[in-house]
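Worksheet for the structure shown next.
Please treat every number below as a calculation from the coordinates, not as lab data. Here the structure is a predicted model, which is why all the values come from computation and not from measurement. Counting neighbours? That spans all protein chains shown, and the Cβs are built from the backbone with ideal geometry, glycine included.
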């Protein structure tokens, strides 16, 4: 599977995004029109976006649901990571619970490794100080 939005240049990329997700929000339109790279260019108004469902009809519903939430054109409407972990995609096979447990273990391991490195560093520093005295 290739890129979702296969643009050849910045403006083409933006066109593919709006074609699928709908028109930019006013703030993004304002920023794009102020951008010197887009000087004199206008994006066409999309009457009807070609949804991800239509672009990828064979994709599982849980995948499409997650993609739609993550690709929401208005960043203020995008869900948080915690909200995304509640999606069907992450709740299959207990993924969310396993992920939380694995993340907690990784954080604990990283903290222990960091403490160990600091102890070793402090011992080396202490030995160097004794040798100089």
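Here are the numbers for this structure:
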| item | result |
| --- | --- |
| Average Cα contact separation per residue, the chain, under 8 Å, 6 or more apart, as relative contact order % | 16 |
| Modelled FRET efficiency - R0 22 Å, residue 29 with residue 70, Cβ distances, 0.05 increments | 0.55 |
| Burial ordering of 21, 37, fewest other beta-carbon atoms within 10 Å first | 37, 21 |
| Gain upon complete extension [residue 47, residue 5; 0.36 nm per residue less C-alpha separation] | 13.3 nm |
| Residues 25, 107, sorted so that the one with the fewest Cβ neighbours within 10 Å comes first | 107, 25 |
| Helix axis angle, 95-132 relative to the chain longest principal axis, alpha carbon, degrees | 40 |
| Rounded to 10°, Cα long-axis angle of helix 10-21 versus longest principal axis of the chain | 80 |
| Alpha carbon centroid spacing (whole Å) that separates segment 21-59 from segment 71-108 | 27 |
| Read-out Kirkwood radius over Cα pairs in Å, derived from the coordinates shown; its label in (1) 15.4; (2) 19.4; (3) 26.5 | (2) |
| Nitroxide proxy distance, nm - points 7 Å out along Cα→Cβ at residue 110 and residue 124 | 2.2 |
